[in-house]
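> My structure is below; once you've seen it, I'll send some questions.
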Amino acid sequence: MSFQQFVRPQCHEFDVHFHFTQYALKPYFALDSVRKDHNGWNTSGKPTANFNLDGDRWAASFDYQHQPILPPDPSVAPNYGLETVPLFRVHFVARDSLYDNERADRSA
């Protein structure tokens, strides 16, 4: 695993970037299956979960957006068919005394 710090995040924020080495594309396919299998995007909203980790309580919500991929030069790859790729976002919030009971991506 490699790590490169580009900015100094504040105590309440961080970015996670998967580098597919040990588990190959399994993390990607796991997130993509959540995107595909959740039937409530239009009715109940984003998938959410509550969990405990090392004695701390957390709330999480899952979201994604499609990122356009510019195709290469058509003369080089005439059958190029990939148009977008989902960019996954998993929001976490601590369920401590400051928690406002909002979904993780909306919580203050």
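The values are calculated or read from the model by the stated rules, or taken from the named source; none is laboratory data. Since we're looking at a predicted model, the values are computed, not measured. For accessibility, only protein heavy atoms count, side chains too; no ligands or nucleic acids. Shrake-Rupley method; radii C 1.70, N 1.55, O 1.52, S 1.80 Å.
Quick grid of which residues meet (1) modelled with pLDDT of 75 or more; (2) open to solvent by 90 Å² or more (accessible area, probe 1.4 Å); (3) assigned to a helix (DSSP H, G or I); (4) of a type outside the set (D, E):
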{"residue": "D15", "(1), (2), (3), (4)": "no, yes, no, no"}
{"residue": "F18", "(1), (2), (3), (4)": "no, yes, no, yes"}
{"residue": "Y28", "(1), (2), (3), (4)": "yes, no, yes, yes"}
{"residue": "A49", "(1), (2), (3), (4)": "yes, no, no, yes"}
{"residue": "W58", "(1), (2), (3), (4)": "yes, no, no, yes"}
{"residue": "H66", "(1), (2), (3), (4)": "yes, yes, no, yes"}
{"residue": "Y80", "(1), (2), (3), (4)": "no, no, no, yes"}
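> Here is a follow-up. In region 22-65, what count of residues is obtained for those that are under 30 Å from S97 (Cα atoms) and among the basic types (K, R)?
2
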